[in-house]
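Trainee: My questions all concern the structure below.
Each reported figure results from applying straightforward, stated rules to the coordinates on display, with no laboratory input. What you see is a predicted model, and the numbers here were worked out from it, not measured in a lab. Reconstructed Cβ throughout: ideal geometry from the backbone, glycine too, with neighbour counts over all protein chains shown.
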Amino acid sequence: MTTGQAAPPSTTAPQARPRRRAPIGPIVLLMLLVAGALWVTGVVPCSAVEAQPECWVAMLPGPTEDVDDLIEVSGTEAYGSDGELLLTTVLVDNRLTVREYVEGLGDGDVELLRREDLYPPGRTVDDAALENDIMMSDSQLDAKVAALTELGISFDDLPAGAEIVTVIDDSPATGTDLVPGDVIVAVDDAEVGNVDEAVTLLGDHEPGDEVALAVQHDGEDITIDLTLGDNPDEPGRPYVGVLLRDYQVLPVDIDIDAGSIGGPSAGLVFALGIIDRATPQDLTGGRNVAATGTIQSDGTVGPIGGIVQKIVGAVGSDHSAEVFLVPAGNWEDAQTASPGRPVTIVRVADLEEAVDALEVLADGGEPDSAVHLG
C-alpha cells in the first residue's frame, strides 16, 4: 500500500518505473521463524497474545455408553430394556496443534475454552482428574438417593461415615490398608458421621501426629494407625492423602461402574438407569435415549458443559440417539446444535419431569417442550 494520494486519471505525469522489492534478509527471516515458533509453543504469555494454540483447549464430541451395562442392582428384581439409555461424554484436547486451533475456530461442533478457565494457575491436569473423580462419586450417590426416592423406596437419608474415593499416591495413606470403598467411622474414638466431621477431627491435629482411624474395610471393622503428613498444598495442615465423600446406607445395593469417566454430568442418566433397572416398565420405549445433567439428591437437574458436543456425539455414535434429554439450564444452547441425523431434544428440570417425558414418548406422544433437530 502506498502513502499519500495517487494522481488523478487526467494527469499527464510520466509513469514511474516499478521498483523491485528487496529480498527478505536472513536476519529478518530468522526473526520471523523464531516468532512463529514462540507462537506455536506458547512461550509468549497468553496475557500478551491470546490467539495462540497453547492458550486454548478444545471440547469435542465424545463417545456414548449404555448405562444398562454400567449399573448393577441387587436386593430387588432387576429388569432390562429394549432400547438404550445413553451416557454422553465430551473429549478435551489439552494440546492443540496450529491446524486444530485454526479448524476449531470455525467448527460449530468444537468449543474452544481458555486454558486458564479450565486449569487456573496452580491447578494441573492431574488435579482436575482427581476433582472429577470426586464429582463423579458424589453424583453417583445423589443419583441413587434421587432414584430410590422417585421409586418411593423409603430409607434413612443420613450419612453414616466418610467413604474413601481415592487414595493419593505418595501420601501418608499410601502403603496402609486403606483402599477406595473403605468407610472411616471414627478418628481416635470420636465418631465420624460425614466428611465434614472427619475433616474437623483430623484438622484438630498437627502434621506428624499419630491418629487411629476406625474403618469399615471389606465387611470388617479394623483400626488403622497412621502418621499425619504435611499438606503439600497448605503447609502446616495435617494430611492423610485420601479423597472422601459422605457414605450413605441404602436399602438397595446399587453398583455403578463408570470406568475412567469423570465429572458430575452423568447424574441424571444414572438415576434414570437405576429406575429402568428396578422397574418392569421400559423407560426407553424401545428407543435409544441419551441424557445429561447433574443431579441433586432431591432430583433437581442442573446444567453441564459441552451440551452441543454431547448432542452431536450421541447422534453420530453407533448408538445413534433418537431422543436427548437436556437440562433446563442448557436449553437455549442445545437448540443451536447441528447433529448429522434427526433427534428430538426434550427440556427437563428434574428427575420426575424426565421420567414423565420418557413415559409420554413410550406411549407414542410428544412432550410439550420437544424440539426436533437435524
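Trainee: Compute the length gained on full extension between Ser260 and Ser338: take 0.36 nm times their separation in residues and subtract their Cα-Cα distance, giving the result in nm to one decimal. Walk me through the numbers on the way to the answer.
Mentor: Values: separation 78, 0.36 × 78 = 28.08 nm, distance 2.79 nm.
Using 0.36 nm per residue and subtracting the Cα-Cα distance, I get 25.3 nm.
Trainee: Over the Cα atoms of the stretch 241-374, Rg to Rh with Kirkwood Rh, two decimal places?
Mentor: Details: Rg = 15.1 Å, Rh = 15.6 Å.
Ratio value, two decimals: 0.97.
Trainee: Counting other Cβ atoms within 10 Å, keep those with at most 16, restrict to DSSP loop, and tell me which trypsin sites (Lys or Arg not before Pro) in the stretch 84-126 are left.
Mentor: In loop regions of the stretch 84-126 (DSSP not H, G, I, E or B), the sparsely surrounded trypsin sites (Lys or Arg not before Pro) are Arg95, Arg123.
Trainee: Express the relative contact order of the chain as a whole percentage, based on alpha carbon pairs under 8 Å and six or more residues apart in sequence.
Mentor: 20
Trainee: I've got another one for you. Share of Cα-Cα pairs in the stretch 287-342 beyond 18 Å, in percent?
Mentor: Values: 458 of 1540 pairs.
Summing the P(r) tail past 18 Å for the stretch 287-342 gives 30 percent.
Trainee: Could you calculate the FRET efficiency of Asp356 with Ser154 from 1/(1 + (r/R0)^6), where r is the beta carbon distance between them and R0 is 30 Å, rounded to 0.05? All intermediate terms of the calculation are to be shown ahead of the outcome.
Mentor: Working: r = 22 Å, r/R0 = 0.72.
It comes out at approximately 0.90.
Trainee: [x] 1.15; [y] 0.96; [z] 1.07: which one is Rg/Rh (Cα atoms, Kirkwood Rh) as calculated from this entry?
Mentor: Working out Rg/Rh (Cα atoms, Kirkwood Rh) from the coordinates points to [x].
Trainee: Testing the spin-label approximation: label points 7 Å from Cα along Cα→Cβ at Glu366 and Ala78. State their distance in nm.
Mentor: 3.7
Trainee: Starting from 0.36 nm per residue, how many nanometres of slack lie between Val179 and Val102 once their C-alpha separation is accounted for?
Mentor: Using 0.36 nm per residue and subtracting the Cα-Cα distance, I get 23.3 nm.
Trainee: From the square roots a ≥ b ≥ c of the eigenvalues of the alpha-carbon gyration tensor of the stretch 126-192, which class results: rounded (a/c under 1.5), prolate (a/b over b/c), or oblate? All intermediate terms of the calculation are to be shown ahead of the outcome.
Mentor: Details: a/c = 3.33, a/b = 1.44, b/c = 2.31.
Because a/c hits 1.5 or more and a/b fails to exceed b/c, the stretch 126-192 counts as oblate.
Trainee: Shifting gears a bit: Could you grab the relative contact order for the stretch 271-374? Cα pairs under 8 Å, six or more apart, rounded to a whole percent.
Mentor: Values: 174 pairs, mean separation 30.4, N = 104.
In percent, rounded to a whole number, it is 29.
Trainee: What helices in the chain pass both tests, a Cα length along the helix axis of 18 Å or more and a mean Kyte hydropathy of -0.5 or higher, using whole DSSP H runs? Could you put the intermediate results ahead of the total?
Mentor: Working: long enough: 26-41 (22 Å, 2.38); 125-150 (36 Å, -0.02).
Helices passing the filter in the chain: 26-41, 125-150.
Trainee: Shifting gears a bit: Can you tell me how much longer the chain between Glu131 and Asp188 gets when fully stretched, taken as 0.36 nm per residue apart minus their C-alpha distance, in nm with one decimal?
Mentor: Values: separation 57, 0.36 × 57 = 20.52 nm, distance 2.78 nm.
So the chain would gain 17.7 nm between Glu131 and Asp188.
Trainee: Once you list every other residue whose beta carbon is under 15 Å from the beta carbon of Glu220, what net charge do they have if Lys and Arg are +1 and Asp and Glu are -1?
Mentor: On the way: positive: none; negative: Asp177, Asp182, Asp218, Asp221.
Result for the local shell: -4.
Trainee: Rounded if a/c is under 1.5, else prolate if a/b is larger than b/c, else oblate: which is the stretch 71-227, with a ≥ b ≥ c the root eigenvalues of its Cα gyration tensor? Please report the intermediate quantities before stating the final value.
Mentor: Working: a/c = 2.72, a/b = 1.32, b/c = 2.06.
Here the stretch 71-227 falls in the oblate category.
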